[in-house]
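Asks: Right, I'll just put the structure down here and ask away after.
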Amino acid sequence: MSRTKVAGLVVVAITAALCLRGEADAQKTKGKTRLTSTKLMMKGLVAANCGDLKKALDAKEVNWDDVILKASLLNESGYLLMDDGRCPDGEWAKAAKSLQAQSAEVLAKADAKDLEGAKTAFGELTKTSCAVCHAAHKGK
Ligand code: HEC
């Protein structure tokens, strides 16, 4: 199959997917121009690093490099969730900013090798970010 045909099919598939999804929630399920859906961003980036961060903080012997890696990627995802017109409203923005702030707090505690502090910051992260955005937008 030629390259233009493949490209054409991809465009048709994306357009069809957008139409099926409906214009109303196009922004929260996907950004305006980039290809990664919110669902996949959650699965591969946000939830994956959140689960790994919890494991890293609960490990018998804490590997701080692991904690820093996972918390940094969560921090970055807090910015990605605000990019490309994906953010639909204030609840989303509040939760995404909280993801930025609380992951930064985990990083500050990791720098100080303060395990209890890092765990507290992580608990706040799940309460003020994941839970807040999901209550407003997941499955809605
Ligand atoms: C700013 C909003 C927002 C934040 C913050 C957020 N999520 Fe989500 N999440 C969503 C939305 C919207 C969906 C539903 C996506 C869909 O089905 O199209 C979702 C779906 C999910 C899913 C299901 C993915 C799937 O495969 O169906 C998981 C798991 C998840 N989020 C984990 C997390 C975790 C863990 C956090 C916190 C570290 C988090 N999310 C923070 C908006 C958010």
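Asks: From LYS60, LYS39, LYS43, grab the single residue that is open to solvent by 50 Å² or more (accessible area, probe 1.4 Å), near the ligand (Cβ under 8 Å from one of its atoms) and out of contact with any helix residue (DSSP H, G or I) (no Cβ under 9 Å at 6 or more places or on another chain).
Replies: Checking each option against the conditions leaves just LYS43.
Asks: Something else now. Which ones in segment 89-101 are in contact (Cβ under 8 Å) with a residue 24 or more places away in the chain and within 9 Å of the ligand (Cβ to nearest atom)?
Replies: Within segment 89-101, GLU91, TRP92, LYS94, ALA95, ALA96, SER98, LEU99 meet the criteria.
Asks: State which residue pairs qualify: first residue within 6 Å of the ligand (Cβ to nearest atom) and inside segment 125-140, second residue open to solvent by 50 Å² or more (accessible area, probe 1.4 Å) and not in a helix (DSSP H, G or I) in any location, beta carbons under 8 Å apart, and separation of 6 or more residues or different chains.
Replies: HIS137/PRO88
Asks: Also, quick follow-up: If you check every pair at least six apart or on different chains, which have Cβ atoms under 8 Å apart with a residue in segment 38-64 that is more than 19 Å from GLN100 (Cβ to Cβ) and touching a residue at least 12 places away in the same chain (Cβ under 8 Å) first and a residue that is among the aliphatic types (A, V, I, L, M) and not in a helix (DSSP H, G or I) second?
Replies: If the second residue must be among the aliphatic types (A, V, I, L, M) and not in a helix (DSSP H, G or I), the pairs left are ALA56/VAL62.
Asks: Okay, moving on. Restricting the search to segment 78-101, which residues are open to solvent by less than 40 Å² (accessible area, probe 1.4 Å) and under 16 Å from VAL132 (Cα atoms)?
Replies: GLY78, LEU81, CYS87, TRP92, ALA93, ALA95, ALA96, SER98, LEU99, GLN100 - these are the residues of segment 78-101 that are open to solvent by less than 40 Å² (accessible area, probe 1.4 Å) and under 16 Å from VAL132 (Cα atoms).
The values are calculated or read from the model by the stated rules, or taken from the named source; none is laboratory data. None of the values given here were measured: they were computed from a predicted structure. Every residue, glycine among them, receives a Cβ derived from its backbone with ideal geometry; neighbour counts consider all protein chains shown. We work out accessible area using only protein heavy atoms, side chains counted, and drop any ligands, DNA or RNA first. Shrake-Rupley method; radii C 1.70, N 1.55, O 1.52, S 1.80 Å.
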